[in-house]
Each structure stands twice: as structure tokens, then as C-alpha cells.
Amino acid sequence: MRADTLFYNGNFFTPSRKKINWLTVKEGWITALGTGAPDRHLLVQKKVNLKNKYVLPGWIDAHVHLMLLGQRKFEVDVSSCRSLAELKKRVLGRKTQEVWIEAYGLDLEKWKETNPLTAQGLDRISSRIPLLIRQKDEHALWVNTSLLKRAHLEKRYPLGYLVDKDMEIIFKLRPKLSSQKIKGALLYAQEACVREGITSVHDMAMQSLPLKNLSELMRAKKYDLRVYGALYGKEALKEFYSPKVNLFQHHLTVRAQKLFIDGALSSRGAWLSEPYCDMPESTGYCLWQKKELLERVHSAFQKHFQLIFHTLGDQASLWLLKVLASKYKPQELGQRPLGDKRIRLEHVEILNREALFLMKTLGVIASMQPWHALSDGPWLKSRLGQKRLSQVGRFKDILKEKIPLCGGSDAPIEPHNPLWGIGAAMIQKGQRLNLQEAIHMYTLGGAYAEFSENIKGSLEVGKLADFVVLPKNIFRLHPKELLEVKTQMTVIGGKIVYAQ
Ligand SMILES: [Zn+2]
């Protein structure tokens, strides 16, 4: 038998649960797995000693924003700022001469100022250069007067605070990123991912220009991270009449479209069935009319795109599922082989029983980010009240109903280390998963959500040789200890893309 590479002397976790100590790779695929010492007659070009370490399938992060993650290389991190003075110090601490300053990570929940943040406040940091500060969850932003004027918004938004859809008016004014900068950002994001053992990501906001640059990087063999793209924005949708599947030896697939049904919980934009406890006049909002949504769904199905819906509040999920059920029979959506649409709901942070059952009936996938529920924890109760907390993060109920579940980070909004996500899924206040279930979210669960369970998500002959090497047996650790485990090696298609 011939192979390109032999990885030996490891402890591989495989579905068979047999003790596996080595595997061989040929042209990126797993060709054999075995126990004990590998056959001496094996003809391989390269041998890698895994020194008795532990090997799991490469992590699949089912919800990232690749460009946002990469662009952080060029932006100001204001996540630790607690006052306008701190904000000023941080923003002006940058020495570069810029025509536009952008910062991310603002967390007003930790803000110590009594006065609200306004455009006039930001003018004290920069009155001339446009300044844009984004909220931690990327669902709100603040701008200074210079930028308000440029956008002709001084009358409409005198305070310089914009939420969700309106943010686009500001984003349109951003200076165009050069190809070089886009590539720099994409490479930075790749590095950040492989360092944590991630071998595949689902990009939730794929736009045309980054996609073009990503393709160029892949063509030049500079991009090993596998990317499953969900198109977002009119321009990207116009350019793609049909899905592109398994380009560059299974490195790039673009076959999904992302639609937002509601906003975020932090800015009280998530659409709830009952009002917010700390804003009783509001239940959040819906971004669609039924008729135009059904037209979009129909058009996506005709072109064979998967549909990925951002639904955070319980009413958003329920309304969407009812709209779908009003037009399509369950067998047209969820049942294979005819209706294998694999519709996905992203976040489903609050979910009521009716929506849960509809998800099951329609064969819809739940794509969740365990870290969200943890980091939102401190203010969830004030938004939702005690009674509704049992509807938050219903991981276990989803599994009980046999609804497919995949896991992601929502990076860069939340940390993207999958072991942190796995740990978070195991220490939730409400519904906890066991390690096996949590790992499934980030491996086979993610693979199923991108129609790739036949080639990804587990270590088996005939699948892609994507795996992560860990220094410890995570099955012997307390969930909290998972946060300390550092990835030793990341392998994509048999190639070592990261080693500590
Ligand atoms: Zn997201």
C-alpha cells in the first residue's frame, strides 16, 4: 500500500471506538486506520510521530464571520473601555495616519458613564476624521458628527446611534478595502482558526469581493482552511445564480444564503412573543413581510441554495416556521431524498415549545453558539424575566426531539476556540450537554449542516484527513479544564497547517 503521509503513535477517536493508533493519508483523504505499530511494509513519503497525543476530527465552526474576524487586524479593540476617557485613550493610542477610524467590541453593559454615548461625545475623540464604534454584538454602532454629516443623517440620528439594518447606510461609506488588505484579513482569520484546531468554517456573510480574493488565495494554495459560504447582500446574490460546490479540492463551497428575520437581544431587536421586561412597550422587530420572504425562499430553492435564517427571539423562529409551513409540506423541506433542504436557524437563543415542534416537523437544523448564552448571562434576566429563562439555550430539548444540532462561535463577536464552545455547552445554567454531544455539535453536526457528513466530521477511511491533535484526553477532564487545553497540531487534508 502507498500513501503520502503516515501519522502514527497517536490515540485517535473514531466512531468505531476501537483503539486506533495510526492513519495514512493519500491526496488529502484518509486511506487506512490501524491499531498498534503500523505495518513495516507501508510505503509512505512522510511519517509524523504524534507522541502518544490525542486526535479528534477537525473542528467545524458552523458560524463565523471570516472577514470581520480578519479585519480586526486593522481595527481598534475597545472591548475593555468603561468610559469616554478610556475610549479616547484607546482610539488615539493608534499612531497610524488614517482617513477613517473604526473600533469594535464596545460593551455598554459594562459602561461606567452616567451620560449615554453620543456623536457629540465621540467628537471629543475625533472631530475631523470619521469615527465609527461598533457594539460588541455587531448589531449597533455609534458615529461622530463628521461621519453623521457625510451620511446626511444629522437630522434622522442626531445622537449618532444606529441599529441593525440602518447600520448599512454607514457601512456603505467605508473606504474600499484594497485586494491586498482583504487578503491580509482573510489570512489573519485563517491563522486564528487553525491555531484552535478549526479545519472548516461556515462563513455567515460571504460577500463578492472577499470571495473573489479567497478564491485567488485558494488557487495559489495559500488557503488551507475549508470554507462553506452563505451569501449575504444583494450584490453577492446577484453574482451567484447557482451554488458552487467543492471547489479547490473541497476547500470552498458556496451554496447557502443568509437572511435575517430579527435583530439581537442586547439591542432589544430580537423578536419575542412577549414584551421585553426592561422595555415593556417593545417585543423587538421582524425584518420581513410574509409575501416577500416567501418569494425569496422560492427563488433560493429554485436555484438549489440552502437557506440560513438568523432567528434569535422565539417569535422570530415561530413566525418563520409558520410562514414556511403555510407554503411547503414537511416532505418538501425536511425529508430525504426529495425534500433535503436542510434549512438552518441560526442562534435560536430563545425557543418556545411550538417552534421546537415545528422545527422537528419541518426537518430544520438548529445552529447554536453555546458561548452566547454564557456571555449574555449577566443581563438575560433583566431582558426576559425569570420565567422565560427556561426557554434560553435549549440544547437538550433540541437533541431530545432529534433536531439536528450544529455548533459555532459567531466569531469575532465571541471567542472562536471550539473547546471553549464545547465547555460552555457543558456548563450552561439550564440545559447541559455531555462531552460526546458537545463534540458532535462541532464535528458531525457541522458536517451535516453543510451537506458534508459523508466526507467530514469523523475519522474514517474515505473521509478528508482533517484533524486536531490535543495534548490531553479531554474525556478525562472537567468541562472547565477544557478552557486550558491548547491545540498541539492542526491537519487539513493531511497537511500540517499548525503545530505548536
Ligand atoms: Zn453571526
Task: Cleavage-rule hits, GluC sites (Glu not before Pro), segment 260-342, DSSP coil, Cβ neighbours within 10 Å at most 13 - done: E281
Task: Counting all C-alpha pairs of segment 178-458, share separated by more than 34 Å (%) - done: 17
Task: Across K26/K221; K396/K480; K19/K51; K234/K303; K53/K429, pairs whose alpha-carbon gap is larger than 22 Å - done: K53/K429
Task: Ranking by accessible area, most exposed first, for C277, C406, C286 with a 1.4 Å probe - done: C277, C286, C406
- [ ] Give the Cα extents of segment 381-456 along the principal axes, in whole Å, largest first.
- [x] 44, 30, 20
Open item on the list: Need one value: the accessible area of F12 in square angstrom, 1.4 angstrom probe, rounded to the nearest 10.
Closed with: 10
TODO: Evaluate the Debye formula for segment 1-159 with equal point scatterers sitting on the alpha carbons, no solvent, and hand back log10 of I(q)/I(0) at q = 0.09, 0.10, 0.13 Å⁻¹, in q order, two decimals.
DONE: -0.55, -0.59, -0.67
- [ ] Please state the charge dipole magnitude for the chain, taken about the Cα centre, from unit charges on C-beta atoms (+1 on K and R, -1 on D and E), reported in debye and rounded to the nearest 20.
- [x] 860
Task: Rh (Kirkwood; distinct C-alpha pairs) - segment 100-171, Å - done: 12.1
- [ ] Among DSSP beta bridges lying fully in segment 178-458, give the percent that are antiparallel, nearest 5.
- [x] 15
Open item on the list: Projecting each Cα onto the charge dipole of segment 178-458 (Lys/Arg +1, Asp/Glu -1 at the beta carbon, about the Cα centre), which of A236, S282, S299 comes out farthest on the positive side?
Closed with: S299
Open item on the list: Past 24 Å, Cα to Cα: identify those pairs from K110/K181; K112/K136; K244/K463; K212/K258, in the order given.
Closed with: K110/K181
Task: In order through segment 121-127: 3J(HN,Hα) via Karplus (6.51 cos²θ - 1.76 cosθ + 1.60), integer Hz, x for Gly, Pro - done: x, 5, 4, 6, 8, 8, 9
- [ ] Provide the net charge surrounding K327, with neighbours chosen by a C-beta distance below 14 Å and charges set as Lys +1, Arg +1, Asp -1, Glu -1.
- [x] +3
Task: Whole-number percent relative contact order across segment 100-171, with pairs defined as alpha carbons under 8 Å at least 6 apart - done: 31
TODO: Could you check how much of the accessible area of the chain is carbon and sulfur, as a whole percent, using a 1.4 Å probe?
DONE: 52
Open item on the list: What would the Debye equation give as log₁₀ I(q)/I(0) for the chain at q = 0.05, 0.07 Å⁻¹, counting only Cα atoms as equal point scatterers?
Closed with: -0.20, -0.39
Task: Ranking by accessible area, most exposed first, for T24, T361 with a 1.4 Å probe - done: T361, T24
- [ ] Treating the angle as unsigned and between 0 and 90°, give the value, to the nearest 10°, between the Cα long axis of helix 179-194 and the longest Cα principal axis of the chain.
- [x] 60
Task: Environment charge at E75 (Cβ cut-off 14 Å; Lys +1, Arg +1, Asp -1, Glu -1) - done: +4
- [ ] Send over the Kirkwood Rh of segment 58-141, from the inverse of the averaged 1/r over different Cα pairs, rounded to one decimal Å.
- [x] 13.8
- [ ] Wrap a convex hull around the Cα atoms of segment 346-429, take a quarter of its surface area, and give that in square nanometres.
- [x] 5.4
Task: Cα centroid separation, segment 81-95 to segment 348-408 (Å) - done: 36
TODO: Restricting things to alpha carbons, find the Rg to Rh ratio for segment 256-338 using the Kirkwood radius for Rh.
DONE: 1.04
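The values are calculated or read from the model by the stated rules, or taken from the named source; none is laboratory data. Given the structure is predicted, the values throughout are model-derived calculations rather than measurements. Neighbour counts are summed over all protein chains in view; Cβ atoms, including those assigned to glycine, are modelled from backbone coordinates with ideal geometry. These accessible areas exclude ligands, DNA and RNA; they are computed on the full protein's heavy atoms, side chains included. Shrake-Rupley method; radii C 1.70, N 1.55, O 1.52, S 1.80 Å.
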